[in-house]
Amino acid sequence: MSASSRVRLRAHAKINLDLRILGVRPDGYHELRTIFQTIALHDVVTVESRRGAFELDGDAALMPLDRTNLAWRAADLLWRAAGKRGSPSGARIVIDKRIPSQAGLGGGSSDAAASLVGLNRVWRFGLSQARLMAIGAALGADVPFFIVGGTALGLGRGDEIYPLVDLPVRPIVVAWEGEGVSSAEAYAWYKAGAAGRRPVKAASPFMALGDEDLPALGNDLEAPVEARWPAIRRLRRELTATDALASRMSGSGSAVFALFAKVPAARRAAAAISGPGRRVLVTSTVGRLAGGHRVG
């Protein structure tokens, strides 16, 4: 097998350093202003050429392996975008799943982005990064970000991506427990409590973020989700009580994260909040070169 017929990619998870809901769009989606950040936690996506129909493989207990999987849908959309007819063929994707689902960490979207990049290489379509991002936007609002990676501003549905100066590498504690939170439910809860809510001024992202900026960042979904998931509130408050620079829920939950200045402080915090039924890990932010996928 030639080197160009097999591609192995890290599909990094993300956190939302800041997430503001600015209103409802004419298409029914919420208008967002968010700051994405890739982290070292990742799935591994392997794309390889093979004879016959397209195939998706991995641990069926962790994800669907049919057309409901975003990676499968990515293959189908890319195939058609390249002018091909019929069902995709000539490739196999294997996903080694490590990012928890419904945790606000974007695992499915990241797998889809890595699949687009890997298939573009293996099938030798030669589509540009901008074209792959446009295809990714049709799969999900987070997918275009994962093609870029690093620290980036997301506007619109979160699919209009503007790279920012990468946040300096910082240790992170990520923690979650229990079942995941549905994004659709989280936004519905936000909408249900929107009457009378004062708009929150979003932090300006048009500069390099420093440690002093982190406490001012927030997540508009945090309050409505925490009101219905006390476990998330407890986790975040426990992390806030440590030496964290900032602690937030990521996306629509259920994972919470805290950033630290030094690794020892992160490890102490992880040990302090660990307990039965909780998953806690120490990881770090990763910049654009490590967290994104260069095309071409």
Cα-centred dipole magnitude for the chain, charges only on beta-carbon of K, R (+1) and D, E (-1), debye, nearest 20 = 440 debye
Rg/Rh for the range 1-117: what does it come to with C-alpha atoms and Rh from Kirkwood?
-> 1.03
Please provide three numbers in whole Å: the alpha-carbon extents of the range 171-284 along the principal axes, with the largest listed first.
-> 43, 38, 19
Highest first, please rank the peptides 251-258, 212-219, 25-32 by the mean number of other Cβ atoms sitting within 10 Å of their residues.
-> 251-258, 212-219, 25-32
Determine the calculated [θ] at 222 nm for the chain from helices alone, applying -39500 (n - 2.57) to every DSSP H run no shorter than 4 residues and normalising by the residue count; nearest 500 deg cm²/dmol.
-> -8500 deg cm²/dmol
Highest mean packing first, using Cβ neighbours within 10 angstrom, the peptides 75-83, 52-60 sort as 75-83, 52-60
FRET efficiency, 1/(1 + (r/R0)^6) with R0 22 Å, evaluated for ARG278 and ASP59 via beta carbons | 0.50
Inter-label distance, nm, simple model (7 Å from Cα along the C-beta direction), ALA184/ALA227 | 2.1 nm
Return, for the Cα atoms of the chain, the radius of gyration and Dmax in Å, separated by a comma.
-> 19.0, 62
Cβ-Cβ cut-off under 15 Å around SER101, Lys and Arg +1, Asp and Glu -1: the net charge is -4
So between LYS84 and TYR29, what do we pick up on full extension, going 0.36 nm a residue minus the alpha carbon distance?
-> 16.7 nm
Specify the angular offset, from 0 to 90 degrees and rounded to the nearest 10, of the alpha carbon long axis of helix 70-81 from the longest principal axis of the alpha carbons in the chain.
-> 50 degrees
Within 10 Å, count the other beta carbons around each residue, average over each peptide in 269-281, 138-150, and list them highest first.
-> 138-150, 269-281
Report the calculated FRET efficiency for ARG268 and SER128 (r = Cβ-Cβ distance, R0 = 35 Å), to the nearest 0.05.
-> 0.15
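Coordinate-derived values only; no laboratory data. Every value quoted in this text rests on a predicted model; they were computed, and no experiment measured them. Cβ sites come from the backbone with ideal geometry, for glycine too, and all protein chains shown count toward neighbours.
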